[in-house]
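The values are calculated or read from the model by the stated rules, or taken from the named source; none is laboratory data. Everything numeric here is computed off the predicted structure, so don't read it as measured data. Note that we place each Cβ from the backbone using ideal geometry, even for glycine, and neighbour counts take in every protein chain shown. Ligands, DNA and RNA are stripped out before the accessible areas are found, and what is left, the full protein with its side chains, is counted by its heavy atoms. Shrake-Rupley method; radii C 1.70, N 1.55, O 1.52, S 1.80 Å.
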Amino acid sequence: MSSILNADLHCHSVVSDGTLTPEELAARAAANGVELWALTDHDEIGGQHRAAAAARANGMRYLTGTEISVTFAGETVHIVGLGFDPDDAAISQGLYDTRGGRGKRAQEMSEGLAKVGIHGAYEGALKFVGNPELISRTHFARFLVEQGHCRDTPEVFRKFLTEGKPGYVPHRWATLKDAVHWITAAKGLAVIAHPGRYKFTANEEYALFLEFKAHGGKAIEVVTGSHTPAEFVEYADKALEFDFAASRGSDFHSPDESHCDLGELPPLPGALTPVWELLGDRIQQ
Ligand code: AMP
Ligand code: MN
Ligand code: MN
Ligand code: MN
């Protein structure tokens, strides 16, 4: 399989903070020409068997996936896992524990919004939730847009729910070490999601890459819907510098919200090792 394979290895369903079901995503991915697909719901693998079956029904190859929330150097970092055993008990337990604090955090976010006059946000966000264990900031964002407080979700994240803004609640997620170990112990491969999105200094990013590698991490996302074209180039260089394989994924959440659709990204730069070349035997035909 070459680097021009249409692989989309990052997206979200109603099992986390997307608006489409795994089956709807599979049909949309296939219609857009995706040949190798992974559903990567936040901190959750409950949709994996459905997604694999839907991929098969739509003629796509499939890799299991998830996107784990991690706290590193005081920031939230996302680690994508690919090709792990979806029935592995330890990764299921680790993700269950990671989801654990979301309910209380959501109540506190709602209290923070009430202080600026926005009432009923917890109940309002819940209306958009597909999985009661996975209430996220995205669901609050949909409520704030529905209520006319903001025009779209990017505006929500500029005005609310982020550090220093109303409704922000700091949260401690999984450790980098645990997240990478859950993935690799379940025979999967760990990938740093959208490295260009973190507000790290050069030194902090260097520490993240080295620690991730020391724990057994193997790849970074280079071509992602969360990067600018300039960041495709920047992180292609960093993948080569750190000897990481490269991944590609839209980070699609919703037809109404995502500017980048499934399968619609440039190919990985040819000099890189595509992550799927390291995952040959984990790919479901
Ligand atoms: P949570 O896991 O509850 O902290 O929510 C994180 C989710 O919020 C991410 O996975 C994105 O879907 C969404 N998100 C975070 N920042 C932004 C942003 N600046 N614009 C749009 N969506 C965002
Ligand atoms: Mn999300
Ligand atoms: Mn992410
Ligand atoms: Mn994502």
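Checking each residue in region 26-62 for being within 15 Å of the chain's Cα centre (by Cα) and outside any loop (DSSP other than H, G, I, E, B) picks out Trp37, His42, Gln48.
With respect to the conditions (1) touching a Pro at 6+ places or on another chain (Cβ under 8 Å); (2) more than 27 Å from Tyr198 (Cβ to Cβ); (3) of a type outside the set (Ser, Thr, Tyr); (4) touching a residue at least 40 places away in the same chain (Cβ under 8 Å), Ala54 lacks only one, and its number is (4). Scanning region 127-152 for residues that are among the aliphatic types (A, V, I, L, M) and either closer than 20 Å to Val70 by Cβ or surrounded by fewer than 16 Cβ atoms within 10 Å (Cβ to Cβ) (or both) yields Leu134, Ile135. In region 188-206, the qualifying residues are those that are in a loop (DSSP other than H, G, I, E, B) and closer than 17 Å to Glu44 by Cα, and the one that is nearest to the chain's Cα centre (by Cα) is Ala193. Listed residues Thr71, Thr76; which is open to solvent by 30 Å² or more (accessible area, probe 1.4 Å), among the β-branched types (Val, Ile, Thr) and outside any loop (DSSP other than H, G, I, E, B)? Among Thr71, Thr76, only Thr76 is open to solvent by 30 Å² or more (accessible area, probe 1.4 Å), among the β-branched types (Val, Ile, Thr) and outside any loop (DSSP other than H, G, I, E, B).
Against the definition (part of a loop (DSSP other than H, G, I, E, B), more than 16 Å from ligand 4 (Cβ to nearest atom) and within 22 Å of His215 (Cβ to Cβ)), how does Phe128 come out, yes or no? The answer is no for Phe128. On inspection, Ala246 does not qualify as more than 30 Å from Thr21 (Cα to Cα) and touching a strand residue (DSSP E or B) at 6+ places or on another chain (Cβ under 6 Å).
Filtering region 12-24 for residues that are surrounded by fewer than 17 Cβ atoms within 10 Å (Cβ to Cβ), within 16 Å of ligand 2 (Cβ to nearest atom), in contact (Cβ under 8 Å) with a residue 12 or more places away in the chain and not in a loop (DSSP other than H, G, I, E, B) leaves an empty set.
Determine whether Ala89 is among the aliphatic types (A, V, I, L, M), open to solvent by 30 Å² or more (accessible area, probe 1.4 Å), away from ligand 3 (no atom under 16 Å from the Cβ) and in the same structural domain as Ser254 (by TED's automatic domain parsing). So Ala89 fits the description; yes.
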